[in-house]
Amino acid sequence: MIRLAVADDHWSVSEGVRQIMANTPDIEVCGVAGDGAALQRMLLNSSFDVILLDLSMPGSVGYELIARLVKEYATTPIVVFTLNNQSAIATRAMQAGATGFVTKSSPPEVLIEAVRKASVGEKHVDPAVVNALIYDGVDQNNNDPQQLLTSRELQVLKMIVKGMHLGDIADALYVSPKTISTHKVNLMHKLGTKNNADLIRYAVEHGLGGD
């Protein structure tokens, strides 16, 4: 039996994974955590065969958390489970030490296969991402923010450069603070930055003002 730890801040996602695995005879969800700190506490107290990890949990910077988990729990493979299907995100996750990468929009059998392969030390990338990894590889070195970022991410970046707080940005764009927080995490992932200062420096270097 493969003992699976699920780390995701959305209860509905964790429950969905639990229901999928309830119908899978060789995989069992044995622990659920809503953020990186809770996941680490859970790993200290229980043993798992595979970790299913959302990249955008509160208080967690995805790649840094992957690297930390790989260092502290080297024998427990990590499968990233995310809404983002961009090849650059998958590449960085795998480079950070993830064993698998699956999007939340993929069929259950893709997730099950990734968990099974991870449990025996095999890598697995969601087929929905594989073509982008192969054919868009040249774009991974593309530093043009107009191509690297979505229009909404560019909009959020410019507002951050203006000095606006996430709550103010959310109000201005008529979305939830959680949505803006997710955009910011995606920005940092794509641009290789760690904080607001890095984001602002990147924007200045690439001629992106707050206009």
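The values are calculated or read from the model by the stated rules, or taken from the named source; none is laboratory data. Note that this is a predicted model, so its numbers are computed, not measured. With ideal geometry, Cβ positions are generated from the backbone for all residues, glycine too; neighbour counts draw on all protein chains shown. The accessibility values were calculated without ligands, DNA or RNA, using every heavy atom of the protein model including side chains. Shrake-Rupley method; radii C 1.70, N 1.55, O 1.52, S 1.80 Å.
Things worth noting here:
- Beta carbons closer than 8 Å, at least 6 apart along the sequence or on distinct chains, pair a first residue in the stretch 12-37 that is in a loop (DSSP other than H, G, I, E, B) and surrounded by fewer than 14 Cβ atoms within 10 Å (Cβ to Cβ) with a second that is modelled with pLDDT of 90 or more and not small (Gly, Ala, Ser) for Asp26/Met1; Asp26/Ile2; Asp26/Arg116.
- Some residue of the stretch 46-57 being within 11 Å of the chain's Cα centre (by Cα), modelled with pLDDT under 90 and either hydroxyl-bearing (Ser, Thr, Tyr) or in a helix (DSSP H, G or I) (or both): yes
- Tabulated pairs, the stretch 74-92, first at pLDDT below 85, second small (Gly, Ala, Ser), C-beta under 6 angstrom, 6+ apart or interchain: Asn85/Ala128; Ser87/Ala132
- Selected residue (criterion: farthest from Phe48 (Cα to Cα)) from residues of the stretch 70-81 that are crowded, with 23+ Cβ neighbours inside 10 Å and β-branched (Val, Ile, Thr): Val80
- Taking the criterion of being of a type in the set (A, V, I, L, M, F, W, C) and either open to solvent by 30 Å² or more (accessible area, probe 1.4 Å) or in a loop (DSSP other than H, G, I, E, B) (or both), the residues of the stretch 160-211 that qualify are Val161, Met164, Leu166, Ala172, Val175, Ala197, Ile200, Val204, Leu208.
- Residue in the stretch 81-89 that is more than 15 Å from the chain's Cα centre (by Cα) and outside any helix (DSSP H, G or I) present: no
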